[in-house]
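The next block holds one structure in the form of C-alpha cells; read it before the comments.
The values are calculated or read from the model by the stated rules, or taken from the named source; none is laboratory data. Bear in mind that the values here come from a model prediction, so they are computed numbers and not experimental data. What goes into the accessible areas is simple: the full protein's heavy atoms, side chains included, and nothing from ligands, DNA or RNA. Shrake-Rupley method; radii C 1.70, N 1.55, O 1.52, S 1.80 Å.
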Amino acid sequence: MFVLLLILIMVLFGFGFLNPIWWVAAAVLVYGATSYGRDRGGGRSGSGSSDLGDYRDYQGRRNRQERWDRRYSRQNRARWRREDRRDREHRR
C-alpha cells in the first residue's frame, strides 16, 4: 500500500511540470497520508514516542472490555440463576 501511495505521489509530482495543480494534488495527498498515520497512533507524538499513543489505545480497549464484562456478566448471572431455578423445578 505504501509503495502504491509513493508511486502515485511521484506521478502527480511529474505531472506538476505540465500543470502546477498536480503539485497541489501531490501535496494534499502527502499531507493526508501523514496526518492519517498520526491519527492512528503510527506517527510520533508530542513527547517524541509513539508508545504513549499505543498505550492509550490499549487502555481504551481494556476499559471498554471491562465495562462490557461488568454490564453483561450481571445480566447473564441473573438469567443463569433463573434458568437454573426453572430446571430444578422441572426435575421435581
Ranking 12, 29 from most to least accessible area with a 1.4 Å probe gives 29, 12
Using the Karplus curve 6.51 cos²θ - 1.76 cosθ + 1.60 with θ = phi - 60°, work out ³J(HN,Hα) for each residue of the range 86-91 in order, rounded to whole Hz, and write x for Gly and Pro. 4, 5, 5, 5, 6, 6
